[in-house]
Amino acid sequence: MPLLVVKKLKKSFDGIVAVNDLSFEVHKNEIAAIIGPNGAGKTTTFNLLSGVLKADTGQIIFKDEPVFGLKPHAIAARGMVRTFQNVNLFDNMTVIDNVKVGCHKKGRIEVFGAAFRTPAFRREEAFITEKSLSVLRLIGLEKRGAEMAGNLPFGQQRLLEIARALAGDPEILLLDEPAAGLNTPETAELAELIIKLRQQGITIVIIEHDMELVMEISENIIVLDQGIKIAEGSPLEIQNNRKVIGAYLGEDC
Amino acid sequence: MPALMRYQAVRYIMLLAVIVVLPFFFRNELSYYLSILSLAGIYAIAVIGLNLLMGYAGQISLGHAGFFAAGAYTSAILTTQFNMSPLLALLPALIVPGLISFIIGMPTLKLKEHYLAMATLGIGLIIYALLRANPFDITGGPGGIPGIPPLSVLGLITDSDITQYYFIWALTFIIFILSSNMVNSRFGRALLAIHKSEVVTNVLGVNTYKYKLKIFVISALYAGFAGYLYAHCSPLFYVSPDDVCHFVFSIKLVTMVVVGGMYSMWGSLLGAVSLAILPELLRVMGSFFHGLNTSDLEMALYGMILILVMVFSQSQKLKQTLSRLLLKERKPSAA
């Protein structure tokens, strides 16, 4: 049984079709990639999946439950969390506080408990702090928790954004071009992290332009062109697919 | 106790000491200074509330005077015309601004950008107009309501300037600590995150709409409570539309938040006190120039402060500029 099923998803903006009749499945513990030239509808697909945008028609079924039309926070609460193409950290906050926001849905104490520092509040804060530190440890940033997020070097900001999404214990993580702007060692570090996450049981869907990375880590690749899925398959199949070479790789070379 | 908490406790104790000791510095014209400081304390409560909304959550209210007035007038009407005890009137004085903010927040906060600023601007003007027009003959029209009874809590009656001062500042102090606690939490982090990016915060699992609405209502409650104190604990025991509900008052509250610094509780305190003193300073200066209307000058100053802050919108930038100007850290020039 697939973890995520997308059926005939369609979205147009002012008559221009961005995503057209898109269907695919993601299985548990898989690393899937969505690739395609600029404007192929990759990020729009993520926006639809995460509830940032509402599709015109179609279905999104996550864990056997339709999530179509739900608000982003409700989708996140069900265990599907995404990152953004541009680094979108809360740079007005510290590194650890960024991660703590990602952990938000694991807590429940609100205004009153916080104002009066109730025992339940203290327990929850301790839990959130411990959880956030453990996620920071995963990306090697546990020593820099008190720094302002905006002061980190770019590569670490990217990792922090992933960490922030991880803090909520997602079952499926949607990564939108996580390697953009990273140098070779940083990309290697990222690949290592993604594989580590999969070992922990997290399913990953990644949008990426770095073909080397995509071919190295993913098991299933979905190729979009002008909103339409033109191919799907293993890295080997995709590399040898004429349609893909024509629409995408040919253009890039 | 962790070092950070100890440091914070020391700051709170110092603040408390300043509050307690301050009246002893004014031997002459004590009641004049006390009345200004009491007013500053009342402002501080409203400003802390507005800062929660503006500084933390990044939502702008241009009609906070309306909530202040809702609290002040509800209690003034109930106590003068329906003989309700002032203490009992606290509840309706909070419910009315809370309800108004909930009703206008519900539809406008669904929308992004600054619809809230427009809606609050509107509600502030409507409340002002209603208070002046006095359609049900209960608000006293432009003349307002005089003779509001003082508060009587546990044998303490807020009918003298010194009890008013200590009563108000005791409350301000408590509210200050509770609010500082409130922002330093999961709740506060969610607000700061919303300030930076609503979409990102939402995607991470925070119900941003709920939080925006919650903080807006809380912020209106602070203003309503401040208005309630203004009615029962300030020297005049008098409310009028021009004193508690004027658009300029809303702008004044916004300026206090901005002057003190967004998302700083200490800043709110500082902003409220410094701008409460400002009109008095201007009045003294105005007396040197015959016939100078200092209240006009006051408005111009708020405008100027807001423009300056907008120009240096990021505090980081402001800090750099100030340090360059004040510390003369100039780059060596080629010449």
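Every read-out reported here was derived from the displayed coordinates using simple, explicitly stated rules and does not represent laboratory data. These numbers were taken from a predicted model, which means no experiment stands behind them. Virtual Cβ from ideal backbone geometry, glycine too; neighbours counted across all protein chains shown.
Some observations on this one:
- Three-way shape label, chain B, alpha-carbon gyration tensor, a/c 1.5: rounded
- Candidates B:Ser250, B:Ser295, B:Ser219, ranked by Gaussian network fluctuation over chain B, Cα under 10 Å, top entry: B:Ser295
- Ratio Rg/Rh, restricted to chain A and using Cα atoms, in which Rh is the Kirkwood radius: 0.99
- 28 Å Cα-Cα threshold exceeded, pairs from A:Lys42/B:Lys212; A:Lys63/A:Lys196; A:Lys7/A:Lys243; A:Lys10/A:Lys105; A:Lys63/B:Lys214: A:Lys42/B:Lys212; A:Lys10/A:Lys105; A:Lys63/B:Lys214
- Estimated dipole of the protein assembly as shown in Debye, rounded to 20 [Cβ of Lys and Arg +1, of Asp and Glu -1, Cα centre]: 780
- Fully extending the segment from A:Ala120 to A:Glu65, taken as 0.36 nm per residue of separation minus the present Cα-Cα distance, adds 16.5 nm.
- Share antiparallel - DSSP beta bridges, the protein assembly as shown, percent rounded to 5: 60
- Highest mean first, the peptides B:259-266, B:275-282 sorted by other C-beta atoms within 10 Å per residue fall in the order B:259-266, B:275-282.
- Cα-based values for region B:161-275, radius of gyration first and Dmax second, are 16.2, 52 Å.
- Amide hydrogen proximity for A:Gly181: with H placed 1.01 Å from N in the peptide plane, no residue at 5 or more positions away or on another chain lies under 5 Å.
- Distance from the Cα centroid of region A:18-91 to that of region B:39-73 is 39 Å (rounded to whole angstrom).
- Across peptide A:56-65, the mean count of Cβ atoms from other chains lying within 10 Å of each residue's own Cβ comes to 0.
- Model label points for B:Leu111 and B:Ala9, set 7 angstrom from Cα along the Cα-to-Cβ axis, are 4.9 nm apart.
- The angle between the Cα long axis of helix A:119-138 and the longest principal axis of the Cα atoms of chain A comes to about 40 degrees, rounded to the nearest 10.
- Computed extension gain for A:Met215 through A:Glu237, at 0.36 nm per residue and net of the alpha carbon distance, reaches 6.9 nm.
- Region B:12-64: C-alpha gyration tensor shape, a/c 1.5 cut-off, then a/b vs b/c: oblate
- Distance between the modelled labels on A:Ile228 and A:Gln200, one decimal in nanometres: 4.0 nm (7 Å Cα→Cβ projection).
- Centre separation in Å (Cα based) which lies between region B:128-144 and region A:156-180: 56
- The equivalent ellipsoid that matches the C-alpha gyration tensor of region A:1-130 spans semi-axes of 34, 17, 14 angstrom, in descending order.
- Each principal axis of region A:91-153 carries a Cα extent, and these read 37, 22, 18 Å when sorted largest first.
- Pairwise FRET efficiency - A:Thr57 versus B:Ala300, Cβ, R0 = 60 Å, nearest 0.05: 0.60
- Degrees between helix A:184-199 axis and first principal axis of chain A (Cα, 0 to 90, nearest 10): 80
- Net lengthening on full extension, B:Asp242/B:Met285 (0.36 nm per residue, minus Cα-Cα): 13.1 nm
- In chain A, helices alone account for a calculated mean residue ellipticity at 222 nm of -10500 deg cm²/dmol, with every DSSP H run of four or more residues adding -39,500 (n - 2.57).
- Ordering of B:149-162, B:48-61 by packing is B:48-61, B:149-162, highest average first (other Cβ atoms within 10 Å, averaged per residue).
- Extent along principal axes [Cα atoms of region B:116-169; Å; largest to smallest]: 41, 30, 17
- Principal-axis tilt of helix A:154-166 within chain A, Cα atoms, nearest 10 degrees: 80
- A viscosity of 0.890 mPa s and a temperature of 25 °C, combined with the Kirkwood radius over C-alpha pairs in the Stokes-Einstein formula, give region B:92-247 a diffusion coefficient of 139 µm²/s.
- For a label point 7 Å along the Cα-to-beta-carbon line of A:Met1, residues of region A:21-52 with backbone N under 14 Å: A:27-28
- Charged side chains reduced to their Cβ positions (Lys and Arg at +1, Asp and Glu at -1) give region B:34-247 a dipole of some 900 debye around its Cα centre.
- Mean Kyte hydropathy of 0.5 or more with a Cα span along the axis of at least 24 Å, helices from DSSP in chain B: B:3-21, B:30-51, B:64-81, B:86-108, B:115-133, B:161-183, B:208-233, B:265-286, B:294-311
- Here, the protein assembly as shown has an Rg and a Dmax of 28.4, 92 Å when only alpha carbons are counted.
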